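The structure under discussion appears below in the form of structure tokens.
The values are calculated or read from the model by the stated rules, or taken from the named source; none is laboratory data. Predicted model only: the values in this text are computed from it and were never measured. Glycine gets a Cβ as well: all are built from the backbone with ideal geometry, and neighbour counts include every protein chain shown. These accessible areas exclude ligands, DNA and RNA; they are computed on the full protein's heavy atoms, side chains included. Shrake-Rupley method; radii C 1.70, N 1.55, O 1.52, S 1.80 Å.
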Amino acid sequence: MKTAVIYWSSTGNTEAMAKAIAEAAGAELFAVSEFSGKISDYDRVAFGCSAMGAEELDDSEFEPFFASVEGELSGKKIALFGSYGWGDGEWMRNWAERAKTDGAEIIGGEGLIINETPDADGLAKCAELGKALAN
Ligand SMILES: Cc1cc2nc3c(=O)[nH]c(=O)nc-3n(C[C@H](O)[C@H](O)[C@H](O)COP(=O)(O)O)c2cc1C
């Protein structure tokens, strides 16, 4: 099983989630700006991005990247995750709906969201998701 975790993070919160997921999954870990591979080369992919803008994905790097790979998600098992601040997770609900419309199967049925910096409980949830991703 070839697995990738691809993330964007401004202050390191989503990055901490990404590291915990990748470690538990035995996945390759990429900041989105470093990823030059092909989604089709991976059996499973976890995508991570924090809530930015007004309940949006980061529009500088992550949104253009995700838009460019959406066409390859049909029938693919993926995970979505990210950190948020003052909102209620709307960015993730919208993102998950979008990925389902693309035909992706989201592991756990919805994205994993964590408020600000993940604590021990949050990191444990990331590890659980990583294990499910690699299963
Ligand atoms: C420019 C900007 C926009 C943000 N927009 C939202 C938002 O719409 N909803 C929300 O819940 N948090 C928002 N946040 C808070 C971040 O999502 C939160 O601090 C998160 O932990 C950052 O994770 P990161 O370090 O992985 O980027 C915003 C933060 C910044 C700097």
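The figures follow:
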| quantity | calculated |
| --- | --- |
| Over segment 1-67, relative contact order from alpha-carbon pairs under 8 Å, at least 6 apart, % | 41 |
| Antiparallel bridge percentage (DSSP; both residues within the chain; nearest 5) | 5 |
| Shape of the chain, Cα gyration tensor, a/c cut at 1.5 | rounded |
| Estimated [θ] at 222 nm from DSSP helical runs (n ≥ 4, -39500 (n - 2.57)) normalised by residues in the chain, nearest 500 | -11000 deg cm²/dmol |
| Separation of the A31 and A54 label points, Cα + 7 Å toward Cβ, nm | 3.0 |
| The chain - percent of accessible surface contributed by carbon and sulfur, probe 1.4 Å | 46 |
| Computed accessible area, T117, all protein chains, 1.4 angstrom probe, square angstrom | 90 |
| Linear extension gain, S68 paired with E128, 0.36 nm per residue minus alpha-carbon span | 18.8 nm |
| Accessible area per residue, Å², the chain with all protein chains present, probe 1.4 Å | 48 |
| Where Cα atoms sit under 17 Å apart: lysine pairs in the chain separated by 8 or more or lying on different chains | 13 |
| E72 - accessible surface, heavy atoms, 1.4 Å probe, Å² rounded to 10 | 80 |
